[in-house]
Amino acid sequence: MSVLTPEILVIEDEPSQVEILRFNLANAGYEVRVEMDGEEGVRSAIEQPPDLILLDWMLPNLSGVEACRQLRRVKETRHIPIIMLTARSEESDMIRGLNTGADDYITKPYSIKELLARIKTALRRPIISIADQKLTLGKLEVDIDRHLIKYEGQMIQTSPTEFRLLIVLMQSEDRVLSRNQLLDLVWGISSEMETRTVDVHIGRLRQALKKAGGAGMIRTVRGFGYSIGQ
Ligand code: CA
(Lines give C-alpha, C1' and ligand atoms only; values in the text may rest on other atoms or scores of the structure.)
Protein backbone atom coordinates (compact mmCIF):
# COMPACT_ATOMS: atom_id res chain seq x y z
CA MET A 1 0.00 0.00 0.00
CA SER A 2 1.39 3.37 -0.89
CA VAL A 3 1.30 5.46 2.25
CA LEU A 4 0.38 8.81 0.79
CA THR A 5 -1.81 8.00 -2.16
CA PRO A 6 -3.92 4.86 -1.94
CA GLU A 7 -4.63 3.33 -5.31
CA ILE A 8 -8.15 2.32 -6.26
CA LEU A 9 -8.84 -0.17 -9.02
CA VAL A 10 -12.19 0.52 -10.67
CA ILE A 11 -13.67 -2.45 -12.50
CA GLU A 12 -16.66 -0.99 -14.34
CA ASP A 13 -17.81 -1.24 -17.95
CA GLU A 14 -20.05 1.81 -18.37
CA PRO A 15 -17.93 4.64 -19.82
CA SER A 16 -20.01 7.39 -18.20
CA GLN A 17 -19.68 5.75 -14.77
CA VAL A 18 -15.96 5.29 -15.31
CA GLU A 19 -15.51 8.98 -16.09
CA ILE A 20 -17.47 10.09 -13.02
CA LEU A 21 -15.48 7.76 -10.79
CA ARG A 22 -12.14 8.63 -12.34
CA PHE A 23 -12.76 12.36 -11.87
CA ASN A 24 -14.13 12.21 -8.33
CA LEU A 25 -11.65 9.67 -6.97
CA ALA A 26 -8.69 11.59 -8.39
CA ASN A 27 -10.19 14.76 -6.94
CA ALA A 28 -10.38 13.09 -3.53
CA GLY A 29 -6.67 12.32 -3.75
CA TYR A 30 -6.66 8.69 -4.89
CA GLU A 31 -4.67 7.09 -7.67
CA VAL A 32 -7.14 5.51 -10.08
CA ARG A 33 -6.71 2.53 -12.37
CA VAL A 34 -9.59 1.35 -14.55
CA GLU A 35 -10.43 -2.01 -16.12
CA MET A 36 -13.62 -2.36 -18.11
CA ASP A 37 -14.05 -6.12 -18.08
CA GLY A 38 -14.22 -8.67 -15.29
CA GLU A 39 -11.42 -10.93 -16.46
CA GLU A 40 -9.02 -8.06 -17.12
CA GLY A 41 -9.94 -6.56 -13.77
CA VAL A 42 -9.05 -9.73 -11.88
CA ARG A 43 -5.79 -10.11 -13.80
CA SER A 44 -4.83 -6.49 -13.20
CA ALA A 45 -5.62 -6.72 -9.47
CA ILE A 46 -3.47 -9.83 -9.05
CA GLU A 47 -0.55 -8.50 -11.10
CA GLN A 48 -0.43 -5.18 -9.30
CA PRO A 49 -2.53 -5.27 -6.14
CA PRO A 50 -4.31 -1.96 -5.45
CA ASP A 51 -5.34 -0.67 -2.00
CA LEU A 52 -9.05 -1.02 -2.74
CA ILE A 53 -11.27 -2.36 -5.51
CA LEU A 54 -14.57 -0.89 -6.70
CA LEU A 55 -16.27 -3.73 -8.49
CA ASP A 56 -19.34 -3.43 -10.70
CA TRP A 57 -21.89 -6.25 -10.44
CA MET A 58 -22.69 -6.61 -14.15
CA LEU A 59 -19.54 -6.91 -16.23
CA PRO A 60 -18.62 -8.47 -19.56
CA ASN A 61 -16.72 -11.80 -19.60
CA LEU A 62 -16.79 -12.34 -15.86
CA SER A 63 -19.52 -11.09 -13.51
CA GLY A 64 -18.65 -8.97 -10.50
CA VAL A 65 -19.77 -11.77 -8.20
CA GLU A 66 -17.45 -14.29 -9.86
CA ALA A 67 -14.61 -11.74 -10.01
CA CYS A 68 -15.03 -11.18 -6.28
CA ARG A 69 -14.84 -14.91 -5.60
CA GLN A 70 -11.67 -15.21 -7.63
CA LEU A 71 -10.06 -12.21 -5.92
CA ARG A 72 -10.75 -13.75 -2.53
CA ARG A 73 -9.18 -17.06 -3.53
CA VAL A 74 -5.64 -15.82 -4.20
CA LYS A 75 -3.14 -14.52 -1.70
CA GLU A 76 -2.25 -11.41 -3.71
CA THR A 77 -5.76 -9.95 -3.42
CA ARG A 78 -7.34 -11.78 -0.48
CA HIS A 79 -6.76 -8.90 1.95
CA ILE A 80 -7.85 -6.06 -0.36
CA PRO A 81 -11.12 -4.32 0.53
CA ILE A 82 -13.77 -4.75 -2.19
CA ILE A 83 -16.82 -2.52 -2.56
CA MET A 84 -19.47 -3.81 -4.97
CA LEU A 85 -21.27 -1.29 -7.17
CA THR A 86 -24.66 -2.38 -8.30
CA ALA A 87 -28.03 -1.39 -9.66
CA ARG A 88 -29.70 -4.02 -7.56
CA SER A 89 -31.19 -3.02 -4.26
CA GLU A 90 -32.86 -6.16 -2.99
CA GLU A 91 -31.59 -7.22 0.38
CA SER A 92 -31.08 -10.79 -0.83
CA ASP A 93 -28.78 -9.44 -3.53
CA MET A 94 -26.86 -7.46 -0.94
CA ILE A 95 -26.37 -10.59 1.10
CA ARG A 96 -25.35 -12.53 -1.98
CA GLY A 97 -22.80 -9.84 -2.78
CA LEU A 98 -21.39 -9.91 0.72
CA ASN A 99 -21.36 -13.69 0.68
CA THR A 100 -18.99 -13.75 -2.26
CA GLY A 101 -16.44 -11.89 -0.17
CA ALA A 102 -17.15 -8.20 -0.75
CA ASP A 103 -16.63 -5.89 2.22
CA ASP A 104 -19.33 -3.45 1.35
CA TYR A 105 -22.03 -2.83 -1.16
CA ILE A 106 -23.38 0.37 -2.67
CA THR A 107 -26.45 0.66 -4.86
CA LYS A 108 -26.58 2.82 -7.99
CA PRO A 109 -27.38 5.65 -8.21
CA TYR A 110 -25.16 6.45 -5.27
CA SER A 111 -23.95 9.83 -4.09
CA ILE A 112 -20.23 10.41 -4.54
CA LYS A 113 -20.10 11.71 -0.98
CA GLU A 114 -21.48 8.43 0.32
CA LEU A 115 -19.15 6.39 -1.88
CA LEU A 116 -16.13 8.36 -0.62
CA ALA A 117 -17.22 7.79 2.98
CA ARG A 118 -17.50 4.05 2.34
CA ILE A 119 -14.05 4.01 0.71
CA LYS A 120 -12.53 5.81 3.68
CA THR A 121 -14.09 3.29 6.05
CA ALA A 122 -12.92 0.32 4.00
CA LEU A 123 -9.35 1.66 3.90
CA ARG A 124 -9.28 2.04 7.68
CA ARG A 125 -7.02 -0.38 9.40
CA PRO A 126 -7.80 -1.83 12.78
CA ILE A 127 -6.42 0.18 15.66
CA ILE A 128 -4.24 -2.32 17.42
CA SER A 129 -1.56 -1.82 20.01
CA ILE A 130 1.87 -3.32 19.33
CA ALA A 131 1.34 -5.71 22.23
CA ASP A 132 -1.61 -7.16 20.38
CA GLN A 133 0.12 -8.24 17.18
CA LYS A 134 -0.78 -11.85 17.98
CA LEU A 135 -4.07 -12.82 19.58
CA THR A 136 -4.97 -16.27 20.86
CA LEU A 137 -8.21 -17.71 22.12
CA GLY A 138 -8.09 -21.44 22.79
CA LYS A 139 -7.15 -23.07 19.50
CA LEU A 140 -7.73 -19.87 17.56
CA GLU A 141 -4.70 -17.75 16.67
CA VAL A 142 -4.57 -14.48 14.79
CA ASP A 143 -1.41 -12.91 13.46
CA ILE A 144 -2.46 -9.35 12.73
CA ASP A 145 0.71 -8.28 10.96
CA ARG A 146 0.61 -11.15 8.51
CA HIS A 147 -3.17 -11.18 8.18
CA LEU A 148 -3.34 -14.84 9.17
CA ILE A 149 -5.99 -16.74 11.08
CA LYS A 150 -5.46 -20.31 12.21
CA TYR A 151 -7.61 -22.77 14.11
CA GLU A 152 -5.72 -25.77 15.43
CA GLY A 153 -3.03 -24.86 12.93
CA GLN A 154 -5.46 -24.83 10.00
CA MET A 155 -5.61 -21.62 7.96
CA ILE A 156 -8.91 -19.73 7.84
CA GLN A 157 -9.70 -17.35 4.99
CA THR A 158 -11.76 -14.22 5.54
CA SER A 159 -12.31 -10.85 3.92
CA PRO A 160 -10.65 -7.80 5.52
CA THR A 161 -13.94 -6.87 7.20
CA GLU A 162 -14.36 -10.25 8.89
CA PHE A 163 -10.72 -10.13 9.87
CA ARG A 164 -11.32 -6.80 11.66
CA LEU A 165 -14.51 -8.13 13.17
CA LEU A 166 -12.69 -11.14 14.58
CA ILE A 167 -9.95 -8.95 16.06
CA VAL A 168 -12.48 -6.65 17.72
CA LEU A 169 -14.36 -9.64 19.18
CA MET A 170 -11.14 -11.26 20.42
CA GLN A 171 -9.98 -8.03 22.02
CA SER A 172 -13.22 -8.01 24.01
CA GLU A 173 -13.17 -11.71 24.82
CA ASP A 174 -16.20 -12.89 26.81
CA ARG A 175 -17.77 -9.45 26.71
CA VAL A 176 -20.93 -8.96 24.73
CA LEU A 177 -20.69 -6.26 22.07
CA SER A 178 -23.87 -4.77 20.69
CA ARG A 179 -24.42 -4.48 16.95
CA ASN A 180 -23.98 -0.74 17.21
CA GLN A 181 -20.71 -1.11 19.11
CA LEU A 182 -19.48 -3.51 16.43
CA LEU A 183 -20.50 -1.13 13.66
CA ASP A 184 -18.62 1.60 15.43
CA LEU A 185 -15.49 -0.46 16.12
CA VAL A 186 -15.28 -2.32 12.83
CA TRP A 187 -16.80 0.07 10.31
CA GLY A 188 -16.22 3.42 12.01
CA ILE A 189 -18.35 6.00 13.77
CA SER A 190 -19.45 7.80 10.61
CA SER A 191 -20.73 4.61 9.06
CA GLU A 192 -24.27 4.70 7.82
CA MET A 193 -24.44 0.96 7.52
CA GLU A 194 -27.37 -0.93 8.91
CA THR A 195 -27.00 -3.23 11.89
CA ARG A 196 -28.16 -6.04 9.57
CA THR A 197 -24.73 -5.80 7.91
CA VAL A 198 -23.14 -6.91 11.19
CA ASP A 199 -25.27 -10.06 11.19
CA VAL A 200 -24.23 -10.90 7.63
CA HIS A 201 -20.53 -10.58 8.40
CA ILE A 202 -20.91 -12.47 11.69
CA GLY A 203 -22.58 -15.25 9.68
CA ARG A 204 -19.66 -15.41 7.28
CA LEU A 205 -17.11 -15.41 10.08
CA ARG A 206 -19.00 -18.22 11.83
CA GLN A 207 -19.00 -20.27 8.62
CA ALA A 208 -15.25 -19.81 8.25
CA LEU A 209 -14.60 -20.83 11.86
CA LYS A 210 -16.95 -23.77 11.61
CA LYS A 211 -15.16 -25.11 8.53
CA ALA A 212 -11.94 -25.20 10.54
CA GLY A 213 -13.60 -26.89 13.54
CA GLY A 214 -14.33 -23.79 15.61
CA ALA A 215 -18.12 -23.94 15.53
CA GLY A 216 -19.92 -22.22 18.39
CA MET A 217 -17.15 -19.78 19.31
CA ILE A 218 -19.26 -16.77 18.40
CA ARG A 219 -22.37 -16.50 20.53
CA THR A 220 -25.50 -14.53 19.80
CA VAL A 221 -27.08 -12.59 22.62
CA ARG A 222 -30.60 -12.21 21.34
CA GLY A 223 -31.73 -8.70 20.62
CA PHE A 224 -28.38 -7.31 21.64
CA GLY A 225 -25.22 -8.51 20.00
CA TYR A 226 -22.36 -10.99 19.95
CA SER A 227 -19.44 -12.30 21.96
CA ILE A 228 -16.61 -14.72 21.35
CA GLY A 229 -15.31 -17.36 23.74
CA GLN A 230 -13.74 -20.80 23.72
CA1 CA B 1 -21.94 -2.82 -15.64
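Here is how the numbers come out for the structure above:
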| item | result |
| --- | --- |
| Unsatisfied cross-links (Cα-Cα over 26 Å) in the set 134/210; 75/211; 75/113; 134/211; 113/150; 75/134 | 75/113; 113/150 |
| Rounded Å value of the spacing that divides the Cα centres of the stretch 1-76 and the stretch 173-230 | 28 |
| Under Karplus coefficients 6.51, -1.76 and 1.60, residue-wise ³J(HN,Hα) of the stretch 143-151 in Hz, glycine/proline x | 9, 5, 4, 9, 6, 10, 10, 10, 10 |
| Helix-only [θ]222 nm of the chain, DSSP H runs n ≥ 4, -39500 (n - 2.57) each, per residue, nearest 500 | -11500 deg cm²/dmol |
| Fraction of accessible area attributable to carbon and sulfur, the chain (%, probe 1.4 Å) | 49 |
| Antiparallel DSSP beta bridges within the chain, percent to nearest 5 | 50 |
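The values are calculated or read from the model by the stated rules, or taken from the named source; none is laboratory data. Just so you know, these numbers come straight off a predicted model, no measurement behind them. Protein only, heavy atoms only, side chains kept; ligands, DNA and RNA dropped before computing areas. Shrake-Rupley method; radii C 1.70, N 1.55, O 1.52, S 1.80 Å.
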